[in-house]
Amino acid sequence: LQKILILLHVTTCVIVGKTLLTLFPNAMKRYILKQGEKSRMNENPKFSYENWGPTFFSFEYLLFVLKVKWKRLEDEAYEGHPAPNTPVVTLNGEVRHLLDFTRDNRPLILNFGSCT
């Protein structure tokens, strides 16, 4: 049910965005550029609007956003429910899943931190 709701929401956003892009191309270009400023995407001089702007609200854009949002559903943890088996990358670059590190009946302890 959550995937269907996400599909409907993202599809509606893409249809509205594509319509607005067609009807008001200059205003939408300014809006998209403003979004690029927030993500600092436009700070790269080799990455101009013409390279990435037209991809907004395309079918590929729709598929990418759906993939990301659906993947995030798998990463949500709820009290009293099984832990999500989130993909992790080992120090040697190997992609494993979190529950691959469990051993017998021992608890798996995760320690998060940062070193700056």
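The values are calculated or read from the model by the stated rules, or taken from the named source; none is laboratory data. These numbers come from a predicted model, not from an experiment. All Cβ positions, glycine included, derive from the backbone under ideal geometry; neighbour counts span all protein chains shown. Accessible surface areas use protein heavy atoms only, side chains included; no ligands, DNA or RNA. Shrake-Rupley method; radii C 1.70, N 1.55, O 1.52, S 1.80 Å.
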Is region 71-85 home to any residue that is more than 28 Å from N26 (Cα to Cα), assigned to a helix (DSSP H, G or I), open to solvent by less than 100 Å² (accessible area, probe 1.4 Å) and among the aliphatic types (A, V, I, L, M)? yes
Picking from E43, E60, which residue would you name as being of a type outside the set (A, V, I, L, M, F, W, C), open to solvent by 80 Å² or more (accessible area, probe 1.4 Å) and more than 30 Å from I4 (Cα to Cα)? E43
Kindly provide the set of residues from region 96-113 that are within 23 Å of the chain's Cα centre (by Cα) and open to solvent by 100 Å² or more (accessible area, probe 1.4 Å), ordered by number. F112
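This table checks each residue for (1) in a helix (DSSP H, G or I); (2) over 19 Å from the mean Cα position of the chain (by Cα); (3) without any contact (Cβ under 8 Å) to a residue 60 or more places away in the chain; (4) surrounded by 13 or more Cβ atoms within 10 Å (Cβ to Cβ).
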residue	(1), (2), (3), (4)
I4	yes, no, yes, no
V10	yes, no, yes, yes
V16	yes, yes, yes, no
R30	yes, yes, yes, no
G36	yes, no, yes, yes
F47	no, yes, yes, no
E50	yes, yes, yes, no
Residues in region 1-59 that are among the β-branched types (V, I, T) and more than 26 Å from L73 (Cβ to Cβ) total 3
